[in-house]
Every structure is written in structure tokens, then in C-alpha cells.
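First comes the structure, then the notes that go with it.
What follows is calculated from the coordinates using simple rules that are stated; it is not laboratory data. All values reported here derive from a predicted model rather than from experimental measurement. When we count neighbours, we look across all protein chains shown, and the Cβ atoms used for this are built from the backbone with ideal geometry, even at glycine.
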Amino acid sequence: MSVPESGSVKSRMRFAQWLLTTETASGPPIHAAECAECDETSAGADNWEGPQVWCLQHAGRTGHTLFRVTVTGYFRASMQEVL
Ligand SMILES: [Zn+2]
């Protein structure tokens, strides 16, 4: 985009179709849990087993029973076609 001295604005627009896919080359999705009642968190893991065991052990040790869970992964956007 450029602004000529006359004050008008020129712009060029193009339209494209994009595709969003799951990206695994940057690493597997990381599963984790954190206690909703204190700041403790589980270690990250490639699956739910470790965080689930951590939740049960944390509940048994503290009496805290609510957990926030996350899966962190990657999406890759790629341009498919310029329209
Ligand atoms: Zn807790």
C-alpha cells in the first residue's frame, strides 16, 4: 500500500484459499493438567495417562478435585490457490 502526495490511498488486494492442517513435524501434541484450586501443574506428556495419574495423586494429597486440562499442538496454514 502506498500513499501518494495527493492524499489518496492505493492498495492491491488478492484473494486466496488457505488450508489448515495438523502439524506433527514440530513435535507431538503435549497433554497437561493443572489444578484449578492451586498453581501446581503436571508434567507435559505425549498422551493423557501421565497427567491423569498426576490429577489423582494430587487429589489424594491435597483434596483438590478440579483440574484444567490442555492439549498443545501445532496447525500449519498453507496457501492452496490464488483466486
Ligand atoms: Zn491443587
>> For a test of the definition: using alpha carbon positions, the gyration tensor, and the 1.5 limit on a/c, classify the chain as rounded, prolate or oblate.
In response: prolate
> Cα axis of helix 49-62 to longest principal axis of the chain: angle in degrees, 0 to 90, nearest 10?
Replying inline: 50 degrees
> Among the chymotrypsin sites (Phe, Trp or Tyr not before Pro) within the chain, which fall in a DSSP loop and have no more than 15 other Cβ atoms within 10 Å of their own Cβ?
Replying inline: 15, 48
